[in-house]
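The values are calculated or read from the model by the stated rules, or taken from the named source; none is laboratory data. Keep in mind it's a predicted model, so treat the numbers as computed, not measured. Every residue, glycine as well, gets a Cβ built from its backbone with ideal geometry; the counts of neighbours run over all protein chains shown. Calculation scope for accessible area: heavy atoms of the full protein, side chains included, ligands and nucleic acids excluded. Shrake-Rupley method; radii C 1.70, N 1.55, O 1.52, S 1.80 Å.
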Amino acid sequence: MKIVVGFTAGSSTDVTARMFAQKFSEAWGQPVIVENVAGNSGAIGVDRVAKAPPDGYTLMWSGNAAITILPSMQALPFDPLKDLTPISTSLAMPSLFMVNNDLPVKSIAELIAYAKANPGKLSYGTPGIGTPQHIAGELFCVLAGIKMEHIPYRGANMADLMSGVVQVGIQNAGAAMPLVRDGRVRGIAVTSLKRTRGAPDLPTLAEQGFPGFEATSWFALMGPAGLPAPIVDKVRAESLKVLADPEMEKKFNAMGLDLVGSTPEETRAAIAADIPKWAKVIKDANIKTGQ
């Protein structure tokens, strides 16, 4: 049995997939390997699984970018709602809004006020174009009525935020929390609806005047379309056991991850709701893959 990951070895998607694969292998008494099929924000790996036989021997550990964001940015060789079988969304990772320590901003309200008083002076860095962090930044700018220049990086490049090359950063919690805890950057908000266990003192955007604001990365187990219900139920049941393990929970929380454990129906509903949600943001902000 293999679990396809659409990113390179060592990425947060890869690391979490391997944690589940090891537990599955121990529980089932057979090898469960992780196959890295990287490229196009995970879409190449998703396509590999979408075209696999629905026999349970090929599953996907998917992030949400390829499934809910990319469909509005480019033509894809798969339909995320028709060509995949959701099993469970297991983990969610919020992003953190951060600012350089020299910026006189300690809250979202102060960030908005500064942006309006200093038009054209703020830029924000993310892990790349079309990432959940990029989309979160554009959604925030639209809702707040401000402009910030987007600076895409390859991965979680925090050096420019610490040095002030960019004044604002939006990065996943796993990469950002250590720097916030050490005081090297200032955290001002988290993008989940509720505060994350990894940073309980950091308020959400919803608490700071943006009710319903949610822009998180998530990791879901999925299979090809037509995956039989007994296989779906078996894999989901085992994934819930992993989430219920106190030691695993500690490890996930330390990585900035929150436990989810949704049903297949809940995962499908989330995908169906997020595609048009992000499509509107992408259209309003005129986001293109080549920008």
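Over 15 Å from the mean Cα position of the chain (by Cα), acidic (Asp, Glu) and part of a loop (DSSP other than H, G, I, E, B) - does that describe any residue in the range 110-120?
For the range 110-120, residues over 15 Å from the mean Cα position of the chain (by Cα), acidic (Asp, Glu) and part of a loop (DSSP other than H, G, I, E, B): absent.
So, residue 42, is that one closer than 30 Å to residue 210 by Cα, out of contact with any Leu (no Cβ under 7 Å at 6 or more places or on another chain) and not hydrophobic (A, V, I, L, M, F, W, C) or not?
yes
Check the range 173-190 and report whether any residue there is in contact (Cβ under 8 Å) with a residue 12 or more places away in the chain, touching a Leu at 6+ places or on another chain (Cβ under 6 Å), assigned to a loop (DSSP other than H, G, I, E, B) and under 21 Å from residue 139 (Cβ atoms).
For the range 173-190, residues in contact (Cβ under 8 Å) with a residue 12 or more places away in the chain, touching a Leu at 6+ places or on another chain (Cβ under 6 Å), assigned to a loop (DSSP other than H, G, I, E, B) and under 21 Å from residue 139 (Cβ atoms): absent.
Among 21, 52, which is open to solvent by less than 50 Å² (accessible area, probe 1.4 Å), within 24 Å of residue 233 (Cβ to Cβ) and part of a loop (DSSP other than H, G, I, E, B)?
Step by step, each of 21, 52 is checked, and only 52 is open to solvent by less than 50 Å² (accessible area, probe 1.4 Å), within 24 Å of residue 233 (Cβ to Cβ) and part of a loop (DSSP other than H, G, I, E, B).
Can you tell me which of (1) farther than 23 Å from residue 229 by Cβ; (2) of a type in the set (A, V, I, L, M, F, W, C); (3) in contact with a helix residue (DSSP H, G or I) (Cβ under 7 Å, 6 or more places away or on another chain) is the one residue 115 doesn't meet?
Answer for residue 115: the failing condition is (3).
In the range 154-172, how many are touching a strand residue (DSSP E or B) at 6+ places or on another chain (Cβ under 7 Å) and assigned to a helix (DSSP H, G or I)?
Total satisfying the criteria: 2.
Within the range 24-34, restricting attention to residues that are of a type outside the set (Phe, Trp, Tyr) and open to solvent by less than 50 Å² (accessible area, probe 1.4 Å), which residue is nearest to residue 249 (Cα to Cα)?
The extreme case among them is 25.
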